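Peer 1: Dumping the structure here so I can ask a few things about it.
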Amino acid sequence: MKLKLLSAVIGTALTMGVAGASAATLDDVKARGTLKCGVSQGLIGFSNPDEQNNWTGLDVDFCRAVAAAIFGDGKKVEFVPLDATQRFEALKSGEVDVLSRNTTWTMSRDTTGGMTFAGVTYYDGQGFMVKKSLGVDSALKLNGASVCTQTGTTTELNLADYFRANNMTYQVVAFQKNEEVLAAYNEGRCDVYTTDQSGLYAERLKLPDVENHVVLPEIISKEPLGPVVRQNDTQWFNLVRWTYYALLTAEELGVTQANSAEQLASSTNPEVARLLGKEGDFGKGLGVENDWVMKILAATGNYGEIFDRNVGEATKLGIKRGVNSLWKSGGLQYAPPIR
Amino acid sequence: MTQTRNNIAFVRTADAPLLPAPRNMTGVVGWMRENLFPTPLNALASVLIGGFLIWQIWGVIDWALVRGVFFGEDREACITPPREGVQPGACWAFIGAKFHQFIYGFYPFEERWRVDVLAVVFAGLLAALAVPRVPYKLYTGITFVFGLPILAEILLYGGTFGLAAVDTNKWGGLLLTMVVAVSGIVLSLPLGVLLALGRRSEMPIVRYFCIAFIEIWRGVPLITVLFMASIMLPLFLPQGMNTDKMLRIIIGVALFSSAYMAETVRGGLQAIPKGQYEAAKALGLGYWRMTLLIILPQALKIVIPGIVNTFISLFKDTTLVLVVGLFDFLGIIQAGAADQKWVSAETARSGYFVAALVYWAFCFSVSRYSIHMERRLATGHRR
Amino acid sequence: MTTVPGSQSRTSFWRHPTVRSVGVQLFMVIAVVWFVVFVTDNTINNMKARNLAPGFSFLNDTAGFDILQALIPYSRGSTYATAFVVGLLNTLLVAVLGIITATILGFLVGVMRLSRNWVIRSSATLYVEFVRNVPLLLQMFIWYKTVLKALPAPRDSLRYDDMFFLSNRGLMSPKPLFEPAALWTLAALTVGIIATFFITRWARKRQERTGEIFPAFLTSLGLIIALPIVVFSASGLPVRFEYPVLQGFNFVGGLAIIPEFMALYLALSIYTAAFISEIVRAGVLAVSHGQTEAAHALGLRHGPTLRLIIIPQAMRVIIPPLASQYLNLTKNSSLAVAIGYPDFVYTGGTILNQTGQAVTIVLIWMGVYLSLSLLTSSFMNWFNSRMKLVER
């Protein structure tokens, strides 16, 4: 009865046809003086706080890059840790300006979710991790296993599809928070831990006995992870998207954190001049200063540097560039030209 | 009368000598006979339950103190056996390392004095309110209800008087628990009083509205209210208007507990004799003057224990905010125990042990105080 | 305005009670309507801005995820509506079992607190004072994350005779599978219950008329328990047991009680029992001692005094707060979401994440819990009024 009444009221209000004004996120952010960035509650290599609440990671560095583009200072970011359940509502309600939280780009999230993905900062796929002692070497041998995962994610859906497609039974044990999923796996509530493969490598490091766990070779899904913004704010969408492209272009042109000043002064390459704001008004077009890429590079370095620093082979995670290499090196990372 | 007495053969004129009580009904032995072993079945129960309790209590002491690990830098200390064949017990090193985080959350280190100052003021005001002998209760109460929130806003949130602003997503631990619980109760008290008055109103629309409001909030679990506050409330507001997440949670908690508060206050209102209303009306007082000057002072005095009990359950319920992603005392202990530097079975166990101890000590002492007040207030009303 | 002086009321128009009352209520109605319109309007706008369609149509879409424990057939191909029903049934399961256990435990502890034996009395007090003052969520974590997680892995389960296995995957027990002939037993049970009903009524009437006591209790026991057992044996024990067997990663077959359920059930029962025991104690103490003395004076022994005099009177005090404890337990079962037991709120949360339909789902949550509350309280009111009849 109550629901009926409410839907009637909702219907009436609908016919009244009150249009909503779209808020300009960039103005809000500039007025506030900080960028509010939604990140995960702790995923090594992507967004992870230390004891003093200093955040590091690939997703975190992307937020810093956006902040640097706006304010010229990569430190003007406020990181809001979000779990999988809250992340979209936090973005839609304006609690955060950009969601950079290893979030998978899907069609329905773009079309019905009221948000837009600005790019793919990391090409990932869903994988499985098991204890070595189980002697499992393929995901196809997981029939009858208990699988730990996070609720409300694409992971949960892919898992159901995969086991169904391969005619295997399983028991799903799903939790709201990532740390609970890992704790449940660690304590033996389930045999298998599943999430994006990058996440598996990261979470594996949190286990007390890293060497006893192995990530299975199968990748069962496409998980393009990237930053998300609210729908219907093109200016803000462009800023976030082109921050990402600028990071890629800088790597492609060989402009790094260390050599950017020198490149700006001495480079004869017109592409570098456009990127670094010596030629054209590309920054103005985005609503920021023309030297925006200089500021980004000073704060975080280019995409390659961010990758290597946070998840690359030199780090504890030791992830190869693989599909995340630039298109020139046979990867998928490709930026449209700045001109 | 004297005639009948003459018929009795013997009348004792002196008191019989007092006999001592039977030996086995006095002293330790007597007490034990009476209280521990009155029947064989009882004796068996005493021995079994007593034995079980002693075994359990010893188990806790052994785990917490004898085998407890007091020093260490990381989880290694809590998983290495201290001696040959001895399992390490409670991981106190973890509690020590994370202690400040448990209290302040991620509140910036150099600003923590602000929290301390507020805590001292809060404790002082509370003591002045709680101890019956301290005078000026009314003024203290007004300062507590109106002054303290302003001071808390200035000190904790900052941004004025040269204090750096500290965003609420950095608040956590016991600080957050106290902020949510205290502001929840301070907000819900006036709302609850209004609802209770409305429920007893003679105006049907007001009455039914209040009944509906109270029963709806009392009929749903707090967790759905918190989900509503964190997910749905932003939808209710005009676009671009944004509220802080912690503030939304506090609003949800306050609305929820105001329904319970209303029922508590209603109990007090019902206990006021009708004569009080009639006398007030006979004196020519209008509704609000009658309510504010005659009825509420008496009714609220009666329900002080009820209000305290509502506060206790609200305090326990604040743990639910961890489900919607705030790091309260329990939430931050849990997060700390999942830290890869410390993660182990004993770490989690020690964390929960400390949490249980703190919540227990708080709720138990407050409920004792409530019982004490109940007794104190009850004497005044005995006729 | 030209009426006879003196007949006119001296109060001005605005101070007239009726006018004021109508005015206040009108104002209230306007305020509430304004608020509702304001909120709905904002919600509609916000949802439009986020490309969300209000309504319930999404409930017929395919859910796509699996649920750990389902009492009705459910798979990834089922609809969101089915997922909701699965969650609701899980909530009801834990609530009903929790209520039964909490009542038994609560009455036991309540009576223990009144015991003359110091050890029994104080251990009951210790239990109540500890359990009441520690948040339920924390107790749930303690059960789930320290007690149940400390159990061995499936391969090293604690076992009893290859029938019962206890591991960190839960408690596995044989699952009874009834054959069609078992319907006879069900019929016998039904007959027994109906017969008991009439026999007790007849016995009471006869006792009121003649004063003769008919052993109604023993007869009912025979009818309800012995009769079905006899029929069951006579029809050739029509039941098989499916035993749990360790196969690969997990146990296959049998009846599995998952640790999430156990933790929730234990925490809820133990927590609520502490409150129920206080209610029971207060109820028994509320019956004046004079009642016991009067009963003894009438020559009743201890047992009948308790059964016929004390308990019926105590129950009248106990039932109303007991009802609200049952409601609390049902509402508290929503904490399941924190330990991953797929209850109503948990499945709703998953659906919310997959669909983004925040408003509808929160409304469904609240509506269902509200109906559960109203149902329980109206049942308890009915029961209470029946108990009141006992008074005379």
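A short reminder: the numbers here are calculations on the coordinates, not readings from a lab. This one's a predicted model, so the numbers in the text were calculated from it and none came from an experiment. Ideal geometry is used to build each Cβ from the backbone, glycine not excepted, and the neighbour counts take in all protein chains shown.
Peer 1: Looking only at other chains, what is the average number of their beta-carbon atoms within 10 angstrom of each beta-carbon in A:34-42? Don't skip to the answer; put the middle values down first.
Peer 2: Numbers: counts 1, 0, 3, 0, 0, 0, 0, 4, 4.
Taking the mean over all residues of the peptide, I get 1.
Peer 1: Right, next: Could you give the length gained on full extension between C:ILE257 and C:ILE100, defined as 0.36 nm per residue of separation minus the Cα-Cα distance, in nm?
Peer 2: Details: separation 157, 0.36 × 157 = 56.52 nm, distance 1.74 nm.
Length difference between fully extended and current span is 54.8 nm.
Peer 1: Also, quick follow-up: Rank C:ARG240, C:ARG281, C:ARG209 by mean-square fluctuation in a GNM of chain C with C-alpha springs under 10 angstrom and give only the top-ranked residue.
Peer 2: For chain C, modelled as a Gaussian network with Cα springs under 10 Å, the answer is C:ARG209.
Peer 1: For the cross-link pairs A:LYS284/A:LYS316; B:LYS316/C:LYS145; A:LYS132/C:LYS149; A:LYS177/B:LYS316; A:LYS131/A:LYS177; A:LYS132/A:LYS328, which exceed 29 Å when the distance is taken from alpha carbon to alpha carbon? If you can, show how the numbers build up before the last one.
Peer 2: Numbers: A:LYS284/A:LYS316 40 Å; B:LYS316/C:LYS145 19 Å; A:LYS132/C:LYS149 20 Å; A:LYS177/B:LYS316 22 Å; A:LYS131/A:LYS177 21 Å; A:LYS132/A:LYS328 37 Å.
Where the Cα-Cα span goes over 29 Å, the pairs concerned are A:LYS284/A:LYS316; A:LYS132/A:LYS328.
Peer 1: Roughly what % of DSSP beta bridges within the protein assembly as shown run antiparallel, to the nearest 5?
Peer 2: Beta bridges within the protein assembly as shown, antiparallel portion: roughly 70 percent.
Peer 1: Moving to a separate point now. Summing Lys, Arg as +1 and Asp, Glu as -1, what charge do residues with Cβ under 12 Å from the Cβ of B:THR177 carry, B:THR177 excluded? Walk me through the intermediate numbers first.
Peer 2: Details: positive: B:LYS316; negative: B:ASP317, B:ASP328.
So the surrounding residues net to -1.
Peer 1: Further, regarding this structure: So how strong a dipole does the protein assembly as shown carry about its Cα centre when Lys and Arg Cβ are +1 and Asp and Glu Cβ are -1, to the nearest 20 debye? Walk me through the numbers before you get to the answer.
Peer 2: On the way: 95 positive and 77 negative charges, 1096 e Å.
Using Cβ point charges on Lys, Arg, Asp and Glu, the protein assembly as shown gives about 5260 debye.
Peer 1: Specify whether the C-alpha gyration tensor of chain A places it in the rounded, prolate or oblate class, a ≥ b ≥ c being the square roots of the eigenvalues: rounded for a/c under 1.5, otherwise prolate if a/b is larger than b/c and oblate if not.
Peer 2: Oblate shape, in that a/c is at least 1.5 and b/c is the bigger or equal ratio.
Peer 1: Near B:LYS301, which lysines are there with a Cα under 19 Å away, not counting those fewer than 8 places off in the same chain?
Peer 2: B:LYS137, B:LYS274
Peer 1: Under the rule a/c < 1.5 gives rounded, and otherwise a/b versus b/c splits prolate from oblate, where does chain C land using the Cα gyration tensor? Provide the component values of the computation, followed by the final result.
Peer 2: Values: a/c = 1.88, a/b = 1.13, b/c = 1.67.
Oblate.
Peer 1: OK, next. For region A:126-221, what relative contact order do you get, as a whole percent, if you take Cα pairs closer than 8 Å and at least 6 residues apart? Don't skip to the end; give the middle numbers.
Peer 2: Details: 159 pairs, mean separation 46.0, N = 96.
Result for region A:126-221 is 48 percent.
Peer 1: Please compute the net charge surrounding B:CYS210, taking Lys and Arg as +1 and Asp and Glu as -1 over other residues with Cβ under 15 Å from its Cβ. Write down the numbers at each step before the final one.
Peer 2: On the way: positive: B:ARG199, B:ARG200, B:ARG207, B:ARG218, B:ARG266; negative: B:GLU202, B:GLU215, B:GLU263.
Local charge sum for B:CYS210: +2.
Peer 1: Report the charge-dipole magnitude of region A:126-221 in Debye, nearest 20, computed about the Cα centre from +1 at each Lys and Arg Cβ and -1 at each Asp and Glu Cβ.
Peer 2: Working: 8 positive and 12 negative charges, 26 e Å.
Charge dipole of region A:126-221: 120 debye, to the nearest 20.
Peer 1: Which peptide among B:195-207, B:130-142, A:31-43, B:28-40 comes first, and what is the full order, when sorted by highest mean count of other Cβ atoms within 10 Å? Mind dumping the intermediate values first?
Peer 2: Values: B:195-207: 18.0, B:130-142: 10.7, A:31-43: 20.3, B:28-40: 13.5.
Packing order, densest peptide first, comes out as A:31-43, B:195-207, B:28-40, B:130-142.
Peer 1: Take the residue pairs A:LYS30/B:LYS170; B:LYS341/C:LYS331; A:LYS75/C:LYS48 and return only those whose Cα atoms are more than 27 Å apart. Could the numbers behind the result be given before it?
Peer 2: On the way: A:LYS30/B:LYS170 21 Å; B:LYS341/C:LYS331 37 Å; A:LYS75/C:LYS48 34 Å.
Where the Cα-Cα span goes over 27 Å, the pairs concerned are B:LYS341/C:LYS331; A:LYS75/C:LYS48.
Peer 1: Moving on. Add +1 for every Lys or Arg and -1 for every Asp or Glu among the other residues with Cβ under 14 Å from the Cβ of B:ALA337, and state the total.
Peer 2: On the way: positive: A:LYS177, A:LYS206, B:ARG75, B:LYS98, B:LYS341, B:ARG349, C:LYS145, C:LYS149; negative: A:GLU179, A:GLU180, A:GLU187, B:ASP74, B:ASP339, B:GLU346.
Local charge sum for B:ALA337: +2.
Peer 1: Over the whole of B:206-214, what's the average partner chain Cβ count within 10 Å per residue? Rounded to a whole number, please. Don't skip to the end; give the middle numbers.
Peer 2: Values: counts 6, 1, 0, 5, 1, 0, 1, 1, 0.
That average works out to 2.
Peer 1: Here's a follow-up. From other protein chains only, count the Cβ atoms within 10 Å of every residue's Cβ in A:203-212, then give the mean.
Peer 2: On the way: counts 1, 0, 1, 5, 2, 8, 0, 1, 0, 0.
Per-residue shielding by partner chains comes out at 2.
Peer 1: Right, next: With a ≥ b ≥ c taken as the square roots of the eigenvalues of the C-alpha gyration tensor of the protein assembly as shown, please select rounded if a/c is under 1.5 and otherwise prolate if a/b is larger than b/c or oblate if it is not?
Peer 2: In terms of gyration-tensor shape, prolate.
Peer 1: Calculate the FRET efficiency for C:TRP382 and A:ASP28 from the Cβ-Cβ distance with a Förster distance of 51 Å, rounded to the nearest 0.05. Show your work: numbers first, answer last.
Peer 2: Values: r = 56 Å, r/R0 = 1.10.
So, using R0 = 51 Å, E works out to roughly 0.35.
Peer 1: Quickly rank B:308-317, C:152-161 as a protection proxy: mean count of other C-beta atoms within 10 Å, highest first.
Peer 2: On the way: B:308-317: 20.4, C:152-161: 13.0.
Going from most to least packed, we get B:308-317, C:152-161.
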